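Please read the structure below before turning to the comments.
The values are calculated or read from the model by the stated rules, or taken from the named source; none is laboratory data. Only a predicted model underlies this, so the values are computations on that prediction, with no experimental measurement involved. All Cβ positions, glycine included, derive from the backbone under ideal geometry; neighbour counts span all protein chains shown.
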Amino acid sequence: MTNGSRWPKMHETMDLGEFRKSLSAKAPPAGLGKLAQALWYEAHGDWDRAHKLAQSQKGKAAAAVHAYLHRKEGDLSNADYWYERAGSERPRGPLEKEWEALVTALLNDGKE
């Protein structure tokens with residue numbers, strides 16, 4: 001599902017707090033798109049599954065999630081490549097803030 005922006009909406013009614021609460025479950029909530037699932041699995045410590053999901057998608061939002069994953073992994077040169085593809089620079093702040101920004105951007109119909 002797209003909404004006219006570079007960010008596909010990942011869930012019709014979920015907000016960041018509800019997304020965080022969903023992390024206590026064993027599986028992501030039904031209806032999450034691939035990029036949302038990638039962020040969900042990464043938060044669960046399953047980087048490989050998150051990376052496969054991010055790789056399976058195209059576009060700037062996918063590149064941004066892909067970049068975040070490589071930054072989290074510590075592969076900054078690869079992350080920088082993906083940030084460039086996303087049309088942005090590597091954030092200088094904490095990884096948690098970047099994760100929140102990605103989730104929030106997806107939840108808010110791509111409004112950054």
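Computed quantities for the displayed model
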read-out: Selection from the range 66-111 of residues that are free of Cβ contacts under 8 Å to residues at least 12 places away in the same chain and either on the phi > 0 side of the Ramachandran plot or charged (D, E, K, R) (or both); value: 74, 75, 84, 89, 92, 96, 97
read-out: Criterion (over 18 Å from residue 42 (Cα atoms) and of a type outside the set (A, V, I, L, M)) met by exactly one of 84, 96, 100; value: 84
read-out: Boolean, residue 42 is buried (at least 19 other Cβ atoms within 10 Å of the Cβ) and charged (D, E, K, R); value: yes
read-out: Among (1) under 21 Å from residue 108 (Cβ atoms); (2) at pLDDT 95 or above - the single one residue 33 does not satisfy; value: (2)
